[in-house]
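Structure first, commentary second.
The values are calculated or read from the model by the stated rules, or taken from the named source; none is laboratory data. None of the values given here were measured: they were computed from a predicted structure. Glycine also receives a Cβ, built like all others from the backbone with ideal geometry; neighbour counts cover every protein chain displayed.
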Amino acid sequence: MSKTEPVEASNFIRNIIEADVAAGKHDAQVVTRFPPEPNGYLHIGHVKSICLNFGMASRFNGRCNLRFDDTNPARENEEYAQAILEDVSWLGFEWSELHHASDYFEQLYTYACDLIRAGKAYVDSSSADEMRAMRGTLTEPGTPSVYRDRSVEENLDLFKRMRSGEFDDGAHVLRAKIDLASGNMNMRDPTLYRIRKIAHVRTGDSWSIYPMYDYTHCVSDAIEKITHSLCTLEFEDHRPLYNWVLEQIDAPGAPEQTEFARLALEYTMLSKRRLIQLVEENHVRGWDDPRMPTITGIRRRGYTPASLRDFCERIGVTKNDAWIEMMVLENCIRDQLNVEAPRRMAVLDPIKVVITDLPEDYSETLSFANHPQDESAGRREIPFSSTVWIEQDDFAEVPPPKYQRLTIGGEVRLRGSYVIKCNEIIKDETGNIIELRCTHDPDTLGKKPEGRKVKGVIHWVCAKKGVNAQVRVYDTLFTVPNPAAAESFTDIINAESEKVMSMCIIEPSLTAAEPETHFQFERLGYFVTDRRDHSPTTPTFNRTVTLRDTWAKK
RNA sequence: UGGGCCGUCGCCAAGCGGUUAAGGCACCGGGUUUUGAUCCCGGCAUUCGGAGGUUCGAAUCCUCCCGGCCCAGCCA
């Protein structure tokens, strides 16, 4: 076997882990974790992180935990947590262990007391505003709070009473005692605990103080013996603090944080706040609107887990501020569905064609391959009669140059059927074409026409047996590549991001399809039966993506 | 000189002192085709943000410069 081995794409994180394993670091184990906060739906940016974390674990025969970073009960809820579990599973990943940061609250509290005893943390009774003022600026050092030198006994006592609920929100916080002059703002005595007299989904009201992310995350990683803690670039500045905390306590593990660039996808917005806004202001119909970049939305649009995993493979992992073109995502689903999706015919914007040289009650059954390159996909029967629907776009009274479809006096192949010629146009009183009267060449079924070339092939559906359906065609939600840069998104929302087409005609067999079944509608694109709205009596399809169209581009 | 980070083809991205600077997407040809799809074949960076330097040899090491991103939540 001398054939060239396909070189698996390398990335810096994989290289680091590879080197660590080779060096026997962390006992040559690889344990990662995906740590979402249950305060929103997962989106395609999270998919990158999920694929990385689960992918690395599986590649190195390690484990990947799913851990909810549930340290802020004010914003988190169970609906989000359930959705996250479903999305990760749907993507095809299985977590090794399921944890919650809240499982560690007691341990976190104990470590915090250790920190106080070691003189590494203190209770600050300044207000949030005062603390902000004392923090200094990017170029000026901070100034110490008057509470910075409280005794260990006083700190311990106060912290204990904070926990017991004696104080109101904001009365005190627990701060690490590090370096108020640090150029890294995170090291200027960061807050470790704040008082929040609010019930937590999992711990109820047993706590009135909650630990901050910086303190919780590293300790949670250590408790779970995570080896490689992968996160996005904005946490780079937090790494010194992550390490500082673990150095102060008697940590069970020695996780190492490595940061990578978060995904930036053209024409989409991935900030949780903005996504929530889209939903709440009804710019979309919900978290699973097929235009949303959420996993559930992308799923409803018709993307598959495999196509999303492929996407992550293609975009790579680096620290570059990279913008991924929409096309890259689209090509992933095209490539998968081109191989896997059975072909069908559907007419979205129909115009009637009457074949005048066939008896009015003529009907015939034609056999079609379900896939042109894959015999194993089988065949199906399609009804044909003297009246068919074709796409309005496939007829032009005044054809543009190089037009290969039906024109007056011209011929075109009805895919899998006969070559027809248009002889006459019928218009209504306002001038709209309502019917094309054509004749057919009976000697062209399954063979090329005699003595001439017919280049064009168009799709069609039998008017007698075709079934009415709703098809929703989608375009990008925004009109600009970087919507996040816009002042308000009301003026950059694409008014044509969704077009609901209710007069579509589909092959009769399509009504039997289960929800979430993928098809290629020939010459149009890939479509999926809607997860929620599709049924035999209400056939409903979403357009996942169009076919590549080199002609339309010109 | 507040701190941290990033710059390799239009868009991603390998590359880790010696390679003809991988690969994918896009693009441009040409072939096959009853989907203007797919598929196939070919083309596509004398050059790695810039300028110096080290070296027999630099995208890879050093210096300076230019451009971009992140940080002043009791958010994550």
- Message: Being at pLDDT 95 or above and surrounded by fewer than 18 Cβ atoms within 10 Å (Cβ to Cβ) is true for just one of A:A264, A:A251. Which residue is that?
- Response: A:A264
- Could you give me the residue pairs with C-beta distances under 7 Å whose first residue belongs to the range A:152-181 and is in contact (Cβ under 8 Å) with a residue 60 or more places away in the chain, whose second residue is among the basic types (K, R) and away from RNA strand B (no atom under 16 Å from the Cβ) wherever it lies, and which are 6+ apart or on separate chains? A:A176/A:K120
- Message: Residues to consider are A:R437, A:R415; find the one that is over 30 Å from the mean Cα position of the chain (by Cα) and within 16 Å of RNA strand B (Cβ to nearest atom).
- Response: A:R415
- Please tell me if A:M134 is surrounded by 15 or more Cβ atoms within 10 Å (Cβ to Cβ), within 14 Å of RNA strand B (Cβ to nearest atom), farther than 30 Å from A:P36 by Cα and not β-branched (V, I, T). yes
- Task: Scan the range A:156-163 and give yes if some residue there is in the same structural domain as A:V245 (by TED's automatic domain parsing), surrounded by fewer than 13 Cβ atoms within 10 Å (Cβ to Cβ) and either at pLDDT 95 or above or not in a strand (DSSP E or B) (or both), otherwise no.
- Result: no
- Filter the range A:299-340 down to residues that are under 26 Å from A:A485 (Cβ atoms) and assigned to a loop (DSSP other than H, G, I, E, B), then give me how many there are. 10
- Item | Checking A:S363 against (1) among the polar types (S, T, N, Q); (2) more than 15 Å from RNA strand B (Cβ to nearest atom); (3) buried (at least 21 other Cβ atoms within 10 Å of the Cβ), the condition it does not meet | (3)
- Check off (1) more than 22 Å from the chain's Cα centre (by Cα); (2) more than 14 Å from RNA strand B (Cβ to nearest atom); (3) in a loop (DSSP other than H, G, I, E, B) for A:Q107 and give me the number that stays unchecked. (3)
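Rundown of residues vs (1) more than 8 Å from RNA strand B (Cβ to nearest atom); (2) assigned by TED's automatic domain parsing to the domain that holds A:R150; (3) at pLDDT 95 or above; (4) on the phi > 0 side of the Ramachandran plot, yes/no style:
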{"position": "A:A181", "(1), (2), (3), (4)": "yes, yes, yes, no"}
{"position": "A:R194", "(1), (2), (3), (4)": "no, yes, yes, no"}
{"position": "A:K197", "(1), (2), (3), (4)": "yes, yes, yes, no"}
{"position": "A:I209", "(1), (2), (3), (4)": "yes, yes, yes, no"}
{"position": "A:H217", "(1), (2), (3), (4)": "no, yes, yes, no"}
{"position": "A:K225", "(1), (2), (3), (4)": "yes, yes, yes, yes"}
{"position": "A:D237", "(1), (2), (3), (4)": "no, yes, yes, no"}
- Residues satisfying the stated conditions in the range A:484-507, i.e. at pLDDT below 95 and either polar (S, T, N, Q) or out of contact with any helix residue (DSSP H, G or I) (no Cβ under 8 Å at 6 or more places or on another chain) (or both): A:A485, A:A486, A:E487, A:S488, A:T490, A:D491
